[in-house]
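Supplied in structure tokens, the structure appears directly below.
The values are calculated or read from the model by the stated rules, or taken from the named source; none is laboratory data. Everything numeric in this text was worked out from a predicted model, so none of it was measured. Here the Cβ positions follow ideal geometry from the backbone for every residue, glycine too, while neighbour counts run over all protein chains shown.
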């Protein structure tokens, strides 16, 4: 499989994974994840195509340098030009990897928050089922004699007290889970704001570098001398 085909395969795999993300994220978050994954796939495709062009230009440039008088100078200029282009390719690949990692991190955080929010409900259902089972057992074990009945009532009262204490702990756990979920949302909001500022700085740096590159005069090519 060629590098170009591998890039397209990874992009398709990322797109197919988006429905799973949407189950635990809001519509806005799911749309942002989809947009960032598409951007990452585009960056990887562009970097793959540029790397292929670099290899073609490398072979062509080396052949041209062999035909020049100042062959070593030509090779050095070619090397520096290719290095700059390869650095740009790596920057694109790094940016694509960053976007993909952020989408995965948000998906994991959303799933964890949803699981944590549902935990008190599941525990309450399990506690209710256990209570009903104990009540059924208690009814089946009631003895006709008054003494045995009194003992059963005492045990039932003790069980009821323990059940009330356990219910209180569940309520506290539910409140703690809600607080953790709130903090997770606040952390996510702060992270998004920090990332927006980082992206803005990256765009400004890229624009500044492009402006400086456009302002530089073209390098002069050494005049060729006749061979003896």
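Hey, any hits in the range 213-221 for a residue that's part of a helix (DSSP H, G or I), modelled with pLDDT under 85 and in contact with a helix residue (DSSP H, G or I) (Cβ under 9 Å, 6 or more places away or on another chain)? Before the answer, list the steps.
Filtering the range 213-221 down to residues part of a helix (DSSP H, G or I) leaves 213-215.
Filter once more, keeping what is modelled with pLDDT under 85: 213-215.
Pick out the ones that are also in contact with a helix residue (DSSP H, G or I) (Cβ under 9 Å, 6 or more places away or on another chain) and you get none.
Checking the range 213-221: not a single residue is part of a helix (DSSP H, G or I), modelled with pLDDT under 85 and in contact with a helix residue (DSSP H, G or I) (Cβ under 9 Å, 6 or more places away or on another chain).
Looking at the range 201-210, can you tell me whether even one residue there is within 24 Å of the chain's Cα centre (by Cα) and either outside any helix (DSSP H, G or I) or farther than 26 Å from residue 36 by Cβ (or both)?
Within the range 201-210, not a single residue is within 24 Å of the chain's Cα centre (by Cα) and either outside any helix (DSSP H, G or I) or farther than 26 Å from residue 36 by Cβ (or both).
Any chance you could count how many residues in the range 68-106 are in a helix (DSSP H, G or I), touching a residue at least 24 places away in the same chain (Cβ under 8 Å) and over 35 Å from the mean Cα position of the chain (by Cα)?
Within the range 68-106, residues that are in a helix (DSSP H, G or I), touching a residue at least 24 places away in the same chain (Cβ under 8 Å) and over 35 Å from the mean Cα position of the chain (by Cα) number 2.
Only one of these is under 30 Å from residue 171 (Cα atoms) and either in contact with a helix residue (DSSP H, G or I) (Cβ under 7 Å, 6 or more places away or on another chain) or without any contact (Cβ under 8 Å) to a residue 60 or more places away in the chain (or both): 109, 63. Name it.
Working: 63 fails: under 30 Å from residue 171 (Cα atoms).
When all the criteria are applied, what remains is 109.
Table: residues versus (1) within 30 Å of residue 185 (Cα to Cα); (2) modelled with pLDDT under 95; (3) in a helix (DSSP H, G or I); (4) within 28 Å of the chain's Cα centre (by Cα).
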| site | (1), (2), (3), (4) |
| --- | --- |
| 19 | yes, yes, yes, yes |
| 25 | yes, yes, no, yes |
| 37 | yes, yes, yes, yes |
| 65 | no, yes, yes, no |
